[in-house]
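Everything on this sheet refers to the single structure shown next.
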Amino acid sequence: MKKRVLGFWEIWNMSFGFLGIQMGFALQNANASRILQIFGADVHHLSWFWIVAPLTGLIVQPIIGHYSDKTWTRLGRRRPYFLVGALLAALGLVFMPNADMFTAFMPAIWVGAGMLMIMDASFNVAMEPFRALVADNLRTDQRTLGFSIQTVLIGIGAVVGSWLPYVLTNFFGVSNSGEDGGVPLNLLLSFGIGAAILVISVLVTVFRTKEYSPEELAQMSDQEEIPEDEKSSLMDIFTDFAKMPETMRQLAWVQFFSWFGLFGMWVFSTPALAHHIYGLPVSDTHSETYQNAGDWVGVLFGVYNLVSAIFAFFLPVIAARIGRKRTHVISLIIGGIGLISMYFSPNQYWLILSMVAVGIAWASILAMPYAILAGSIPARKMGVYMGIFNFFIVIPQIINAFIGGPIVKYFYNENAMLALVTSGVSFLIAALLVRRVKDVDEIIETANE
């Protein structure tokens, strides 16, 4: 039994929920630091508030992957998990900017940090099964296309989420200044709209996508279904971790430096622009100029996501010509140079060029490692290994969360722009490490020519 070739729109619908997930994720990335600063967080404490998000991902992703490998319900194998994750993430989106409603129970900053944790944990619950679903449903020769389409949808959702506060203010006249120094109305509306689109887009995937049963996948991979009394337990995640394929170990270091850099960009972009580009003192987190800087960060994040959505259409063609590894190397180098160039930008408009470069790297980060990885993983372990692979996304974020703030305070003299330069250097290190990765699919294809 072989997997059938899927049409473009079947692949599109299969990943359509990622549009809403990434819209919510973009709203979080572009505005969470800003909201936490409004609630009273210092710039060098920001990364500590963010630490809970990747920490929950470290725990949640492999568990979700393990159980989704063994789940079969009326909704299928993966779909129940990203449906539940989407609903919980939507609640986090609604309540985070409204955290000051709960000040009778605890300070708004702690409620906001708690909502950040719930949001990110829920995004993790939703995202991991989407990665596994693409690997489950697509043949080897369609996987690069599948992950590229997923990247396109991620880009579209992220553009809408990143630009929404700016658009509401500049085209619809919605205020970007909060009453009594609170969260601006444009953010409150943006997070509510993002929650609604998140739920709707995931429902499209849930009801428009079919899945192969675990038994069918076992037949397709020439494996016998494991007898019930021999099936692994949750604790076998640790065994699977120890036995991870060689390609996965090599990609782990690439992912580490890629996501270390991304986390620094997400956490420190707003204070970096406010201080380095707009000339505001570090203590200013409530002025109109600071809010304008925050809105512009949303625009810039939209730019890199728009570029990634466009570039993703070309990734399968480029990878077919020069290979997935070389494609990823070049993309990471371009992104690293883009981040470093932000330090030298004379004004906020030049930063658009920097974000174009970051967008190229982002498209490749979202597609190439997963396309390379999928060829080295047993089909019946796809979910758990995709979850374990997330370790190498969240661990660098946790490390950056611990050390990023103190580095900015004590080594960079509270100049957060230098944290973005560090992110660029991290991308360049990741590019060097790609050369060590063994792409199993490309080796097999070369041997068969």
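The values are calculated or read from the model by the stated rules, or taken from the named source; none is laboratory data. Keep in mind the model is a prediction, meaning the values are calculated, not measured. FYI the Cβ positions are ideal-geometry reconstructions off the backbone, even for glycines, and counts take in every protein chain you see.
Below are the figures for this structure:
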item: Number of the condition not met by SER308 [criteria: (1) surrounded by 24 or more Cβ atoms within 10 Å (Cβ to Cβ); (2) free of Cβ contacts under 8 Å to residues at least 60 places away in the same chain; (3) not β-branched (Val, Ile, Thr)]; result: (2)
item: Matching option when the condition is in contact with a Phe, Trp or Tyr (Cβ under 8 Å, 6 or more places away or on another chain) and either surrounded by fewer than 19 Cβ atoms within 10 Å (Cβ to Cβ) or under 14 Å from PHE25 (Cα atoms) (or both), among GLY157, GLY92, GLY114, GLY173; result: GLY157
item: Residue satisfying condition, being under 22 Å from ALA195 (Cβ atoms) and among the basic types (Lys, Arg), within set ARG74, ARG79; result: ARG79
item: Count - residues of the range 10-45 that are of a type in the set (A, V, I, L, M, F, W, C), farther than 17 Å from ILE118 by Cβ and over 23 Å from the mean Cα position of the chain (by Cα); result: 2
item: Number of positions in the range 175-210 that are in a helix (DSSP H, G or I) and either modelled with pLDDT of 95 or more or on the phi < 0 side of the Ramachandran plot (or both); result: 25
item: Qualifying residue in the range 75-85 (condition: modelled with pLDDT of 80 or more, of a type in the set (Gly, Ala, Ser) and under 18 Å from the mean Cα position of the chain (by Cα)); result: yes
item: Search result, residues across the range 119-129 that are more than 18 Å from TRP266 (Cα to Cα) and more than 12 Å from the chain's Cα centre (by Cα); result: SER122, VAL125, PRO129
item: Filter result for PHE313 (in contact with a Ser or Thr (Cβ under 8 Å, 6 or more places away or on another chain), more than 22 Å from SER426 (Cα to Cα) and among the aromatic types (Phe, Trp, Tyr)); result: yes
item: Any chance ILE21 is surrounded by 24 or more Cβ atoms within 10 Å (Cβ to Cβ) and over 22 Å from ALA158 (Cβ atoms); result: no
item: Counted residues, the range 72-123 - those being among the basic types (Lys, Arg) and in a helix (DSSP H, G or I); result: 1
